[in-house]
Ligand code: FO1
């Protein structure tokens, strides 16, 4: 696909896991790399078996690097699991599956952090090894763990998501106070012309990024155009627990409810053709298109639709 002329547009994409990684990959196919920054949720990060695991950063990195597992969306393609089998044999914690090759990422990251590097520097280092040219940034260099309040108590994110297979009903998502953005994130947002919110889970992928001070205030106050893409199609989440969470938090399970959740933060909202006609009367401008990303070609097509829409909005503001 030809690169569109985005030479004068700086684009920032806020991304969580698999949905975010797919849109980031579509953007990377059509935007010059020096104009593209992906700011990634680190609320899912945790320490496991002594290693610092950053699942959403790795999902974005492996996807952009062309080495992601196409079946799961997370982890690496062609993975083997001998270490996990050995962990199980030793009666260690085997509920979180770390592949043999994926482990190398966690080992190198953990060592670099221990040596005093920031998560931003480590992420840039790892991305360079995968030949990834757009800037992939953690939302913060400091831990910002998301907690899930359920009927059975409050759980760390991965305990709820992976260990409990997101079954305990969610009462509330609890985000940390006083988490600060990095200089790199601030600079990317200051320079951005367009900010895209990927079709990631609004509550556990996007909200943790907006919760990092002063990201939400920057998006509210400075004049970039902000466009969100729905993660809900025809009343169902494309992947993961977003639809189940919405029902449990007494929200209608609709793309419209997602747009309303983002409220005044967004200038535009992109939703799927399956939901045509259901978003009338919202203040945000709307684009109805095919939002499914089954293949790399779909990713680039959606990225192009979203960017064209966002650029039109930016021109008309
Ligand atoms: N998700 C799972 O459902 N089960 C796993 O065992 C699992 C392991 C895993 C290892 C590394 C990694 O980078 C991601 C991993 N994920 C796993 C995905 C991940 O925890 C979630 O998809 C995200 O945190 C939600 O975006």
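Rounded to the nearest 500, what is the 222 nm mean residue ellipticity of the chain from helices alone, with -39500 (n - 2.57) per DSSP H run of 4+ residues and division by all residues? Please report the intermediate quantities before stating the final value.
Working: 11 runs with 111 residues, N = 317.
The helix contribution divided over the chain gives -10500 deg cm²/dmol.
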Pull out a ≥ b ≥ c, the square roots of the eigenvalues of the alpha-carbon gyration tensor of the range 21-100, then state rounded if a/c is under 1.5, prolate if not and a/b is larger than b/c, and oblate in the remaining case. prolate
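So if we plug the beta-carbon distance of residue 264 and residue 190 into 1/(1 + (r/R0)^6) with R0 = 25 Å, what FRET efficiency do we get, rounded to 0.05? Don't skip to the end; give the middle numbers.
Working: r = 20 Å, r/R0 = 0.82.
Computed FRET efficiency for residue 264 and residue 190 comes out at 0.75.
How high is the relative contact order of the chain, in percent, counting Cα pairs under 8 Å that sit 6 or more residues apart? Numbers along the way, then the final one.
Working: 610 pairs, mean separation 62.2, N = 317.
Answer for the chain is 20 percent.
State whether the range 260-317 is rounded, prolate or oblate according to the following rule on the C-alpha gyration tensor (a ≥ b ≥ c being the square roots of its eigenvalues): a/c under 1.5 gives rounded; otherwise a/b larger than b/c gives prolate, and the remaining case gives oblate.
On the way: a/c = 2.20, a/b = 1.33, b/c = 1.65.
Verdict is oblate for the range 260-317.
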Looking only at 116, 268, 43, which one moves most when the chain is put into a Gaussian network model with springs between Cα atoms under 10 Å? 116
Between helix 296-316 and the chain: long-axis angle, C-alpha atoms, 0 to 90°, nearest 10: 40
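Take the Cα atoms of the chain, build their convex hull, and give its volume per residue in Å³.
Values: hull volume 40.0 nm³, N = 317.
Dividing the Cα hull volume of the chain by its residue count gives 126 Å³.
How much length is gained on full extension from residue 164 to residue 81, taking 0.36 nm per residue of separation minus their Cα-Cα distance?
Numbers: separation 83, 0.36 × 83 = 29.88 nm, distance 2.11 nm.
That works out to 27.8 nm of additional length.
Can you tell me the FRET efficiency between residue 286 and residue 244 if r is taken as the Cβ-Cβ distance and R0 is 45 Å, rounded to the nearest 0.05?
Numbers: r = 25 Å, r/R0 = 0.56.
Here the calculated transfer efficiency is 0.95.
Shape of the range 171-213 from its Cα gyration tensor (a ≥ b ≥ c, root eigenvalues): rounded if a/c is under 1.5, otherwise prolate when a/b > b/c, or oblate?
Details: a/c = 3.94, a/b = 1.40, b/c = 2.82.
Cα axes put the range 171-213 in the oblate bin.
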Cβ-derived FRET efficiency at R0 41 Å, residue 88 paired with residue 177, nearest 0.05: 0.65
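Hey, how much of the P(r) for the range 60-132 falls beyond 20 Å, as a percent of Cα pairs? All intermediate terms of the calculation are to be shown ahead of the outcome.
Working: 1010 of 2628 pairs.
That tail contains 38 percent of the Cα-Cα pairs.
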How do the peptides 161-171, 195-205 rank, highest first, by the average count of neighbouring beta carbon atoms within 10 Å per residue? 195-205, 161-171
Which order, highest average first, do 69-79, 100-110 follow once you tally other Cβ atoms within 10 Å for each residue and take the mean per peptide? 100-110, 69-79
Taking 29-36, 88-95, 303-310 and ranking on average Cβ neighbours within 10 Å, highest first, one gets 303-310, 29-36, 88-95
So how much slack lies between residue 220 and residue 47, counting 0.36 nm per residue of separation and subtracting their Cα-Cα distance, in nm? 59.0 nm
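Please give the length that would be gained between residue 131 and residue 312 if that part of the chain were fully extended, namely 0.36 nm times their separation in residues minus their C-alpha to C-alpha distance (nm, one decimal).
62.0 nm
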With Cα coordinates, the longest principal axis of the chain makes an angle with the long axis of helix 102-114, in degrees rounded to 10, of 90
Just to confirm the number: angle between the C-alpha axis of helix 119-129 and the first principal axis of the chain, 0 to 90 degrees, nearest 10? 90
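Here, each number is a calculation from the coordinates, and none is a lab measurement. What you see is a predicted model, and the numbers here were worked out from it, not measured in a lab. Backbone-built Cβ (ideal geometry, glycine too); neighbour counts: all protein chains shown.
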